[in-house]
Amino acid sequence: MDGGSIPPGSTNREGLDGLQALFLAPDPRIAQLTRPDMTTAQLAIWGITAAATAGVILRPFRIPEPVWALGGAFALVVPGLLTPRAALEGAGKGVDVYLFLTGMMLLAELARQEGLFDWLAAHAAAHARGSARRLFTLVYLVGILVTVFLSNDATAVVLTPAVAAVTRAARIERPLPYLLICAFIANAASFVLPISNPANLVIFGAHLPPLLDWLPRFLLPSALSIGATYAVLRATQSAELRRPIGAEVPAPPLTLGGRAAAGAILATGALLMAASAFDRPLGLPTCLAALLTLAVVCSAARVSPWRFLRGVSWGVIPLVGGLFVLVEALDRSGAIRALGGLLQGAARSSAPGAAAAAGLAVGALSNLTNNLPAGLIAGMAVQDAHLPAAVASAVLIGVDLGPNLSVTGSLATLLWLAALRRDGLHVSALDFLKIGALVMPPALLLALAGLLIAG
């Protein structure tokens with residue numbers, strides 16, 4: 001099979017056999033996007049991937065996101081567009097992400113049920129001393145710390161229920177301004193450190209810059225991103241921040257389980273920093289810390305672990321797994337190799353120009369496809385093409401910060417939505433877009449400019 005187009009006169013059976021032969025070959029990577037004779041197989045892969053991604057983003061008929069992602073994966077495997085072995089290989093590339101998300105979600109559920117969030121909420125509301133603006137700034141600062149040292153997914157999973165508890169403790173009628181912080185800072189501060197976003201590890205792969213190289217490169221862009229996001233987000237919420245909030249909030253006692261959850265979250269942050277320093281995967285230490293905490297809490301309180309396990313949003317794991325399979329199919333269709341070639345050609349002409357264009361383009365793409373598949377695609381393209389550091393760094397900023405435009409732009413924002421639903425809250429895609437259209441563009445432009453200035 002030479003990878004050319006299927007002859008017009010072929011039967012359906014011949015066409016299917018041709019697709020299976022093509023993708024069962026030892027090297028299934030086929031013609032690049034730049035070739036005019038694209039195969040039926042390529043078009044089918046891209047069409048199925050686009051449809052599945054649209055389903056994840058738009059949720060037509062209110063069908064859950066994991067169903068669309070897994071449905072797209074099965075639609076690729078059943079007709080032979082992707083072999084079962086290739087699908088498993090694609091899903092297997094996300095093991096570290098699955099472990100990381102499992103650990104973070106379990107820690108958040110332990111903290112929620114053991115009252116840690118309610119305890120923190122009461123103290124935060126007391127420190128605000130009745131000022132909505134002071135509470136807004138306090139929550140934003142905490143969001144920066146959680147994102148930087150525990151990752152943006154942790155901000156969505158761990159901080160969101162804590163902030164919801166703060167708004168209840170302070171008797172705030174409209175909690176949205178404070179909850180929006182969790183979504184926006186999760187992306188705006190997600191490239192301060194390598195561990196601040198799992199996508200950072202995906203973009204650079206085995207060529208992750210050492211911490212002492214990372215900080216000079218990303219410190220200025222991060223500061224500009226965080227500052228611009230704060231200024232614009234606070235301006236959009238200024239009317240709500242004029243409302244009075246409760247000043248006297250009694251703090252409930254912190255249980256043994258709550259103290260164990262707090263210690264586990266702090267220990268997890270230290271583990272993640274150590275794992276990053278030694279270039280080790282982040283998922284296993286996070287998951288082990290959560291399981292150890294679960295054992296301690298269940299033993300101390302003499303309760304069944306199922307009480308906590310039932311509360312975890314497990315649907316996130318198959319959603320992520322399905323997206324990994326979709327990206328694997330794109331890789332084997334030649335799309336990612338072609339993208340790497342385009343970036344490589346642009347970098348030869350002008351590295352700064354290619355960096356700016358790549359950052360903006362990937363930022364926009366992340367909102368169309370979600371930044372998890374966009375990051376996987378961009379990461380593979382960056383590593384295959386051996387792009388200059390400036391271009392790779394701009395791609396990372398686009399993947400991390402670009403998703404602040406839309407509610408479905410990043411996995412962290414999807415996790416944020418799930419956390420809101422657990423508290424009976426809802427934010428429409430249109431309402432988020434109205435704010436994101438003001439918040440994201442200046443932050444992304446300033447961050448890319450800071451990257452070029454930093455050299």
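For region 40-60 versus region 163-223, the spacing of their alpha-carbon centroids is 29 Å.
Loop-only check: which trypsin sites (Lys or Arg not before Pro) in region 216-305 are DSSP coil with at most 14 other Cβ within 10 angstrom? Before the final figure, lay out each step's value.
On the way: sites: Arg217, Arg234, Arg242, Arg259, Arg302; in loops: Arg302.
Qualifying residues, ordered by number: Arg302.
Assuming a ≥ b ≥ c are the square roots of the Cα gyration tensor eigenvalues, decide whether region 198-327 counts as rounded (a/c under 1.5), prolate (otherwise, with a/b larger than b/c) or oblate.
Details: a/c = 1.70, a/b = 1.07, b/c = 1.59.
Judged from the Cα gyration tensor, region 198-327 comes out oblate (a/c at least 1.5, b/c at or above a/b).
With q set to 0.22, 0.27, 0.28 Å⁻¹, the log10 of I(q)/I(0) for region 275-349, from the Debye formula over equal scatterers at the Cα positions, is -1.04, -1.11, -1.13.
Which trypsin sites (Lys or Arg not before Pro) does region 113-165 hold that lie in a coil by DSSP with at most 14 other beta carbons within 10 Å? Let's see the in-between values first.
Numbers: sites: Arg129, Arg133, Arg134; in loops: Arg129.
Of the trypsin sites (Lys or Arg not before Pro), the ones in loops of region 113-165 whose Cβ has at most 14 other Cβ atoms within 10 Å are Arg129.
The protection proxy used here, the mean number of other Cβ atoms lying within 10 Å of each residue, ranks peptides 422-433, 140-151 as follows, highest first: 140-151, 422-433.
Taking a cut-off of 12 Å, what percent of all Cα-Cα pairs in region 353-398 are separated by more than that?
Working: 552 of 1035 pairs.
Distances greater than 12 Å cover 53 percent of the Cα pairs.
Please work out the FRET efficiency for the pair Leu58 and Val78, using the Cβ-Cβ distance as r and a Förster radius of 35 Å; give the result to the nearest 0.05. Could you put the intermediate results ahead of the total?
Details: r = 23 Å, r/R0 = 0.66.
With a Förster radius of 35 Å, E is 0.90.
For the listed peptides 184-192, 313-321, a ranking on the average number of other beta carbons within 10 Å per residue, highest first, reads 184-192, 313-321. Shown here are the Rg and Dmax of the Cα trace of the chain, at 22.7, 79 Å.
Every read-out reported here was derived from the displayed coordinates using simple, explicitly stated rules and does not represent laboratory data. Note that the coordinates shown come from a computational prediction; the quantities given were computed from them, not determined experimentally. Neighbour counts are summed over all protein chains in view; Cβ atoms, including those assigned to glycine, are modelled from backbone coordinates with ideal geometry.
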